[in-house]
Amino acid sequence: MATAANVLKPDFQSQKKHFIFTPEHDQLRESIGRFVEKELAPHAEEWEETTFPDSIFPRMGELGFLGLSYPEEYGGQGGDYYCNIVLAEEMAKCNSGGVAMGVAVHTDMATPPVFLFGTEEQKQRYLVPSIKGEKISCLGITEPDAGSDVAGIKTRAVRDGDEYVINGSKTFITNGHRADYIVLVTKTDPDAGYDGFTLFLVDMDGEGVIREKRLEKLGMHSSDTALLAFQDVRVPADAVLGEIGKGFYHIMWELQGERLIGAAGCVAGAQRSFDKTKQYALERKAFGREIGHFQAIRHKFAEMAVKIETARQMVYTTAWRFQNGEYPVREISIAKLYAARVAVEVADECIQIHGGAGYMKEVGIERAWRDARLNRIGAGTDEIMLDVIGRSYGL
Ligand SMILES: Cc1cc2nc3c(=O)[nH]c(=O)nc-3n(C[C@H](O)[C@H](O)[C@H](O)COP(=O)(O)OP(=O)(O)OC[C@H]3O[C@@H](n4cnc5c(N)ncnc54)[C@H](O)[C@@H]3O)c2cc1C
C-alpha cells in the first residue's frame, strides 16, 4: 500500500517479488541458492578444466531438486512450473554455465518427455531413478547433417520382430558422455513427413552405442558434449517413447519447455553479471572517481537494466501462461530469442565496463560471455526463433 512517505521518496531497495511466486517459492529459492553457493560455486574453476562430476546428480536428487514439479508418487516434490524457473535462476549462482546446462538438460529437457509420454513401466525405470539422480539423462535431436532442420535427421529405427534396430549419429549432445540413457529422436517412416518420427529410450551402455569424441567448445567447458554413434542398436518395441510416428510433435513440445527454462537462465545470468560489474564500477577509480559515476557508464547500467527487466517480465508472464495450460509457442520463442540476446549483450557490456580486467580469466566475466553465447544457438537459433515468430502471424 502506498503511503505519503514512500510516494514522495521512491524505495529502490524494495522487494522485487513477482506475482507468480509464493512464500514457498521463496523458501525453495533460498535452499537451492544456499546449496549452489556452498557446494557448486567453489568448484567452478576446477570444473572448467575437468567437467563437473556425476556426483552432482545424486546430491541434487537427495535434496529433492531434480524433480521439483514431478508428482510425489515418482519421488518428485509435486510443485508447479515456477519451481523449475526458480531452479534455473538459482543455478546461475554456480558461476558455471556448463553445470547449469548439464543439470537443466536432465531436469527440463530429457525427463519431461518421459513424464508426459512415458508408460508407467518407463516412468518407473527411467523417471524415478532420474529424480533420485541415480540415472543421468541426455537428449539426442541434433545430427552432423541436421540441426535447425529437425525434420532432416537421418537416424533410422527399423522394426524387426519384437525389436527395433537403430542406426545413425547424434552430435553436440550435452551429458552424452556421462548419461545412462538418451531420449533419442529417430525416423521410423521416412516417407511419412512429420508423421514419420518416433522417440526411443535407449540405454547408453547398450551394444552398438558408441560415445565418440568429447567435443571442445568456446564456452560451457564444465559440461560434456558428445558425438554419438548408433550402430545396429537393438531395442525392444517397448523402448518407444510416446506414440509411434508422433515423435516430431513430441519433441517440438519438449523444445518449448527447454527454451523457456533457457530464457530464465539467461536472465539470471545477465543479472549476475550486472551485479558483479556494478560492484566493480563502484570500486574501480579513474580520473579521480569511481567509474560507475561517469554518466557514460551509468547509462550502460541503465540500458542493461532495461533489457534484463524486460526479458524477466517476458519470461515470467510466459511461464504463467505455460503453467495455466496454454501452449504459448510464439511467446516462448520471443522470450527465448530476447533473453538469449540480452544475456550476450549484457555480458559483453560487462566486459567493457571491467576494462582489461574483463578480458582476464580470473575475473570470470569473459567466461560469462563465452557461456552465454551458446544461448543464441542452442535449443533453436536466433534465426529459427525469428522464423517461428514470423510464421505465427501467418507470414
Ligand atoms: C554446446 C552445445 C550443446 C548442445 N546440446 C545439445 C543437446 O544436448 N541435444 C541436442 O540434440 N542438440 C544439442 N545442441 C545442438 C543445437 O541445438 C544446434 O546446434 C542448434 O539447433 C543449431 O543447429 P546446427 O548447429 O546444426 O546449425 P544449422 O542448422 O546448420 O544452422 C547454421 C546457421 O544457419 C541458420 N539457419 C538454419 N536454418 C535456417 C532457416 N530456415 N532460416 C534462417 N537461418 C537458418 C542457423 O540459424 C545458423 O545460423 C547443442 C549445441 C551446442 C553448441
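The values are calculated or read from the model by the stated rules, or taken from the named source; none is laboratory data. These figures come from a predicted structure and were not determined experimentally. For neighbour counting, all protein chains shown are included, and Cβ atoms are generated from backbone atoms with ideal geometry for every residue, glycine included. Quick note on the areas: whole protein, heavy atoms, side chains included, nothing else; ligands and nucleic acids left out. Shrake-Rupley method; radii C 1.70, N 1.55, O 1.52, S 1.80 Å.
Please specify each residue of the stretch 15-73 satisfying the condition of being surrounded by fewer than 19 Cβ atoms within 10 Å (Cβ to Cβ), in contact with a helix residue (DSSP H, G or I) (Cβ under 7 Å, 6 or more places away or on another chain) and farther than 25 Å from residue 225 by Cβ.
Across the stretch 15-73, the qualifying residues are 18, 20, 21, 25, 29, 33, 37, 63.
So, in the stretch 206-264, of the ones that are aromatic (Phe, Trp, Tyr) and open to solvent by 10 Å² or more (accessible area, probe 1.4 Å), which residue ends up farthest from the ligand (Cβ to nearest atom)?
So the residue we want is 249.
When the stretch 126-163 is examined, which residues are found to be under 19 Å from the mean Cα position of the chain (by Cα) and assigned to a helix (DSSP H, G or I)?
Once the filter is applied, which keeps residues that are under 19 Å from the mean Cα position of the chain (by Cα) and assigned to a helix (DSSP H, G or I), the stretch 126-163 yields 127, 130, 131, 150.
Looking at 338, 316, 359, 327, which is the one that is of a type outside the set (A, V, I, L, M, F, W, C) and over 19 Å from the mean Cα position of the chain (by Cα)?
None of the others qualify; the one that does is 359.
I'd like to verify a number: residues in the stretch 23-64 that are part of a loop (DSSP other than H, G, I, E, B) and touching a residue at least 40 places away in the same chain (Cβ under 8 Å), how many?
Within the stretch 23-64, residues that are part of a loop (DSSP other than H, G, I, E, B) and touching a residue at least 40 places away in the same chain (Cβ under 8 Å) number 3.
Just one of (1) of a type in the set (Gly, Ala, Ser); (2) surrounded by fewer than 22 Cβ atoms within 10 Å (Cβ to Cβ); (3) in contact with a Pro (Cβ under 7 Å, 6 or more places away or on another chain) trips up residue 152, so point out which.
Unmet condition: (3).
Quick one: which helices (runs of 4 or more DSSP H) lie wholly within the stretch 314-395 and hold at least 1 residues that are within 13 Å of the ligand (Cβ to nearest atom)?
Helices (runs of 4 or more DSSP H) meeting the threshold: 329-354, 365-373, 382-391.
Restricting the first residue to the stretch 139-165 and requiring it to be farther than 17 Å from residue 254 by Cβ, which pairs with a second residue that is within 11 Å of the ligand (Cβ to nearest atom) meet a Cβ separation below 6 Å and a spacing of at least six or different chains?
From residues that are farther than 17 Å from residue 254 by Cβ, the pairs are 144/171; 152/146.
Residue-wise test of (1) near the ligand (Cβ under 10 Å from one of its atoms); (2) assigned to a loop (DSSP other than H, G, I, E, B); (3) open to solvent by less than 10 Å² (accessible area, probe 1.4 Å); (4) under 19 Å from residue 377 (Cα atoms).
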| residue | (1), (2), (3), (4) |
| --- | --- |
| 100 | no, no, no, yes |
| 115 | no, no, no, no |
| 124 | no, no, no, no |
| 165 | no, no, no, no |
| 177 | no, yes, no, no |
| 186 | no, no, yes, no |
| 199 | no, no, yes, no |
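Of all residues in the stretch 188-197, which are open to solvent by less than 10 Å² (accessible area, probe 1.4 Å) and either in contact (Cβ under 8 Å) with a residue 60 or more places away in the chain or hydrophobic (A, V, I, L, M, F, W, C) (or both)?
Listed by number, the list holds a single entry, 197.
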